[in-house]
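**Student:** Could you have a look at this structure, given as structure tokens, before my questions?
The values are calculated or read from the model by the stated rules, or taken from the named source; none is laboratory data. Predicted model, so just to flag it, every value in this text is computed and none were measured. Backbone-built Cβ (ideal geometry, glycine too); neighbour counts: all protein chains shown.
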Amino acid sequence: MPGVGAVASTLIAGVMAARKGSVAPIGSLSQMGRIQVDPTDPGSDTPLIREFLPIASLDNLVFGGWDPISANALEAAQVANVLDGPDLATISAELEAVVAMDAVFDQRWVSRLEGVRVKDLPSKWDQALALIDDIERFRTENECDRLVMVWCGSTEAFQEPSEVHESVAAFETGLKENDPNISPSQIYAYAALQSNVPYANGAPNLSVDIPAMVELAQTRGVPICGKDFKTGQTLMKTLIAPGLKSRMLGLRGWYSTNILGNRDGEVLDAPENFKTKEQSKLGVLGSIFEPDQNPELYGNIDHVVRINYYPPRGDNKEGWDAIDIFGWLGYPMQIKVDFLCRDSILAAPLVLDLALFMDLAGRCGASGVQDWLSFYFKAPQFDHDRIEHDLFVQERMLHDQLRRFAAQ
Ligand SMILES: NC(=O)c1ccc[n+]([C@@H]2O[C@H](COP(=O)([O-])OP(=O)(O)OC[C@H]3O[C@@H](n4cnc5c(N)ncnc54)[C@H](O)[C@@H]3O)[C@@H](O)[C@H]2O)c1
């Protein structure tokens, strides 16, 4: 994992605790979810997904990562303050052993962070080669059969794709010429794909959502997916919106605001980083409500998203939604949602599922964009224009693909 912060350390701690049998891996579909073997027959078997398919077992996982600040997963967990001391105490030695490698980091992309554990290599090409070396060293030292990379690093500053992102050839020239439009997350993605390692992007920055990485994933036969874990407010949004639509209730506006006090909140307090997140969060309503098909119900929606950095709350985000709907004869009504959630507690099982499903996909010969994993993302990457945000449709896509893998 590039980024050994709150999410990564909470994931690692949870897997270690689950291995000891002290907790269940709650929130993880790959561990606790079931699947209907024959979707056309409601009476057919519903085995656990991990028994239906050869998903790698938790006992066989090893973790590693890069970070410009955290020294190891224990320090990251203590700083993030997501888990209580007694929960960390039993696994502290194991967490401390997950030592972060020096990062490819550039403060231009994350202005609020001062990186100290950073590779001292000015050329982006050399940085990519150094990451490829790190990957191979990790593979050998830990005797891994396979690897998966999941970006758990900070959200990078907003960027539009540019010429250097158009093809692998342009990207490689850009690496050698230190093109300023190549961000650190893209260098990690390039290193992963060149090492035949599937790559999932948990943040909203472009990373693999550029033509060069799609091309590289296809030519090397490696799966990619992204972007931005769908955890708190957007999860709620994509649960509620399909329900309103299915009842043909109108929507006039949806105002979403959050207070968040962790390092992620601090990074997102910078306008250029918030813009990346805002774009990702704003996209979901259009494809669910399809205003073109129902202009009288959904043709005039004000959708606003705000994130406010508020240190006292730490990782315990509060997300408010004020939803203005209308019904019979156009009479207005309001729904208020106040979700007191825990960001990393919601995100950790998603990282686990993504790692295990991407590994499975790789073994099943899947390559390029894995849109059936859109279930996990706020701004899912598709290789066509029709983007699906409805959580229940996304769940069906995921189950359909798992059944296809099982049938291979
Ligand atoms: N927790 C959630 O619910 C959630 C939901 C969606 C997306 N995300 C995204 O997941 C990411 C991780 O969230 P978090 O709460 O763990 O944040 P965090 O700030 O605790 O951890 C991110 C870590 O990434 C490191 N980092 C920054 N640039 C890096 C680089 N170039 N290489 C390697 N490491 C780098 C930082 O030093 C930090 O330790 C963020 O981008 C966040 O926006 C989180």
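**Student:** Would region 29-37 turn up any residue that is within 16 Å of the ligand (Cβ to nearest atom) and of a type outside the set (Phe, Trp, Tyr)?
**Tutor:** No, every residue in region 29-37 fails to be within 16 Å of the ligand (Cβ to nearest atom) and of a type outside the set (Phe, Trp, Tyr).
**Student:** Same structure again: Just for region 215-239: of the residues that are buried (at least 20 other Cβ atoms within 10 Å of the Cβ), away from the ligand (no atom under 16 Å from the Cβ) and among the β-branched types (Val, Ile, Thr), which one is nearest to TRP372 (Cα to Cα)?
**Tutor:** Checked region 215-239; the qualifying residue nearest to TRP372 (Cα to Cα) is ILE224.
**Student:** Pairs under 6 Å by beta carbon, first residue over 24 Å from ASP228 (Cα atoms) in region 158-177, partner surrounded by 13 or more Cβ atoms within 10 Å (Cβ to Cβ), six or more apart or different chains?
**Tutor:** As it stands, the answer is ALA170/VAL164; GLY174/VAL164; GLY174/ILE182; LEU175/LYS124; LEU175/TRP125; LEU175/ALA128; LYS176/TRP125, since those pairs meet every condition given.
**Student:** Any residue at all in region 237-247 that's outside any helix (DSSP H, G or I), within 25 Å of ILE307 (Cβ to Cβ) and at pLDDT below 95?
**Tutor:** No: zero hits.
**Student:** Filtering region 283-341 down to residues that are among the polar types (S, T, N, Q) and surrounded by 14 or more Cβ atoms within 10 Å (Cβ to Cβ), which residue is nearest to the ligand (Cβ to nearest atom)?
**Tutor:** Top of the filtered list is ASN316.
**Student:** Okay, moving on. Suppose we filter SER256, SER246 for residues that are without any contact (Cβ under 8 Å) to a residue 12 or more places away in the chain, over 23 Å from VAL4 (Cα atoms), hydroxyl-bearing (Ser, Thr, Tyr) and not assigned by TED's automatic domain parsing to the domain that holds TRP109; which single one remains?
**Tutor:** Sole residue among the options that is without any contact (Cβ under 8 Å) to a residue 12 or more places away in the chain, over 23 Å from VAL4 (Cα atoms), hydroxyl-bearing (Ser, Thr, Tyr) and not assigned by TED's automatic domain parsing to the domain that holds TRP109: SER246.
**Student:** Would you pick out the residues in region 130-172 that are within 16 Å of the ligand (Cβ to nearest atom), of a type in the set (Gly, Ala, Ser) and out of contact with any Lys or Arg (no Cβ under 8 Å at 6 or more places or on another chain)?
**Tutor:** GLY153
**Student:** Scan region 25-51 for residues that are of a type in the set (Gly, Ala, Ser) and modelled with pLDDT of 95 or more and report the count.
**Tutor:** The qualifying residues number 4.
**Student:** For the structure I just gave you, tell me whether GLU96 is touching a strand residue (DSSP E or B) at 6+ places or on another chain (Cβ under 6 Å), free of Cβ contacts under 8 Å to residues at least 40 places away in the same chain and either assigned by TED's automatic domain parsing to the domain that holds LYS176 or within 20 Å of ALA17 (Cβ to Cβ) (or both).
**Tutor:** Criteria met by GLU96.
**Student:** So is GLU266 modelled with pLDDT under 95, under 22 Å from ASP315 (Cβ atoms), of a type in the set (Asp, Glu) and in a helix (DSSP H, G or I) or not?
**Tutor:** yes
**Student:** Among what's in region 369-408 and is among the small types (Gly, Ala, Ser) and in contact with a Pro (Cβ under 7 Å, 6 or more places away or on another chain), pick the residue that is farthest from VAL208 (Cα to Cα).
**Tutor:** SER374
**Student:** Do the conditions hold for LEU121, that is, is it within 29 Å of GLU266 (Cβ to Cβ) and at pLDDT below 95?
**Tutor:** Taking the combined requirement at face value, the residue does not satisfy it.
**Student:** Further question on the same structure: Given the conditions (1) farther than 20 Å from GLN394 by Cα; (2) modelled with pLDDT under 95; (3) of a type in the set (S, T, N, Q); (4) outside any loop (DSSP other than H, G, I, E, B), which single one is not true for SER280?
**Tutor:** With (1) farther than 20 Å from GLN394 by Cα; (2) modelled with pLDDT under 95; (3) of a type in the set (S, T, N, Q); (4) outside any loop (DSSP other than H, G, I, E, B) applied to SER280, the lone miss is (1).
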